[in-house]
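The values are calculated or read from the model by the stated rules, or taken from the named source; none is laboratory data. Being a predicted model, the structure only gives us computed values, none of them experimental. We place every Cβ from the backbone using ideal geometry, glycine too, and count neighbours over all the protein chains shown.
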Ligand SMILES: Nc1ncnc2c1ncn2[C@@H]1O[C@H](COP(=O)(O)OP(=O)(O)O)[C@@H](O)[C@H]1O
Ligand SMILES: [Mg+2]
């Protein structure tokens, strides 16, 4: 018997307005390229100029694959728009997305879930602060991060009061809330979690920035050869298990769906959570596809799996009569 299967009408959404627009376009291209034309009927949207088209096409979309990183994409805003249009999508909903993108809120949620985070101070642009007091509390070396950015935009490692002042000034150009964390040396790893109720993890990826980059900054992230990614990470079975379990607990605590990727530091014998990405990079050289490959899952297989997991998400739409 021959079955005629209806193709899934998939909308790939990439680009957007954030500082990570270029990475997002690359993620969108990589995903679009690998979709099997026998299974999917693919359309493409860029929120920068395509929101009206998305609205117009809403009845013709079975599932949206959102590949927007950072603000207005990974922060719950496009998810809210898709909810209003009643278009199901790959990944986390409004609340989990918004909480995860806000590093301060995410860290509060981790703390609440009993997970370890690096000591910090949160500042707002409207509030007076003393750099000396911050250094007294956190020690001489600090990391400054805008609360709601990604891809290390506005992140600075500061080793004295002067660089902290400069770092804060720059970070406030990205956001009106800024986190200052104690700088820790350790092994940086990231872990992809898959699932909704039953969670699984991919192998840990270890991130080793080359000596000329002080840390995993924007350039180190997107300049080929600037960082070495090692998968599986060169850490003991105990740390691997601890980091994977912490990433799952973070996914659950934030209420993530389908996939997430949690960045962590292994420092002084403990696993510290840095942040959870709800729409991790999906270029062919990104960390999540690398981890999938190490688990024997090809890029197209991985994309299929994300789509499959998203179709299993329970959603309730209320239509007004
Ligand atoms: N407290 C810290 N101590 C040392 N390095 C850090 C610290 N926090 C972040 N980093 C480095 O900065 C990078 C970016 O920080 P992260 O919190 O992951 O934000 P994002 O990736 O959203 O910019 C990390 O990948 C890590 O290399
Ligand atoms: Mg990160």
Flag if residue 90 is touching a strand residue (DSSP E or B) at 6+ places or on another chain (Cβ under 7 Å), buried (at least 20 other Cβ atoms within 10 Å of the Cβ) and modelled with pLDDT of 95 or more: yes
Looking for something modelled with pLDDT under 90 and either within 13 Å of ligand 1 (Cβ to nearest atom) or out of contact with any helix residue (DSSP H, G or I) (no Cβ under 7 Å at 6 or more places or on another chain) (or both) - is there at least one such residue anywhere in region 138-148? yes
Test residue 161 against the criterion of being under 23 Å from residue 16 (Cα atoms) and either more than 10 Å from ligand 1 (Cβ to nearest atom) or touching a strand residue (DSSP E or B) at 6+ places or on another chain (Cβ under 9 Å) (or both), and give yes or no. no
Does residue 113 qualify as being surrounded by fewer than 16 Cβ atoms within 10 Å (Cβ to Cβ) and farther than 28 Å from residue 265 by Cα? no
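Residue-wise test of (1) surrounded by fewer than 19 Cβ atoms within 10 Å (Cβ to Cβ); (2) within 16 Å of ligand 1 (Cβ to nearest atom); (3) part of a helix (DSSP H, G or I); (4) assigned by TED's automatic domain parsing to the domain that holds residue 19.
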{"position": "252", "(1), (2), (3), (4)": "yes, no, yes, no"}
{"position": "257", "(1), (2), (3), (4)": "no, no, no, no"}
{"position": "265", "(1), (2), (3), (4)": "no, yes, no, no"}
{"position": "274", "(1), (2), (3), (4)": "no, yes, no, no"}
{"position": "279", "(1), (2), (3), (4)": "no, yes, no, no"}
{"position": "289", "(1), (2), (3), (4)": "no, no, yes, no"}
Residue that is touching a strand residue (DSSP E or B) at 6+ places or on another chain (Cβ under 8 Å) and within 20 Å of residue 255 (Cα to Cα), where the choices are 153, 67: 67
Name every residue in region 151-190 that is farther than 28 Å from residue 233 by Cα, surrounded by fewer than 19 Cβ atoms within 10 Å (Cβ to Cβ) and within 16 Å of ligand 2 (Cβ to nearest atom), in order of residue number. 174
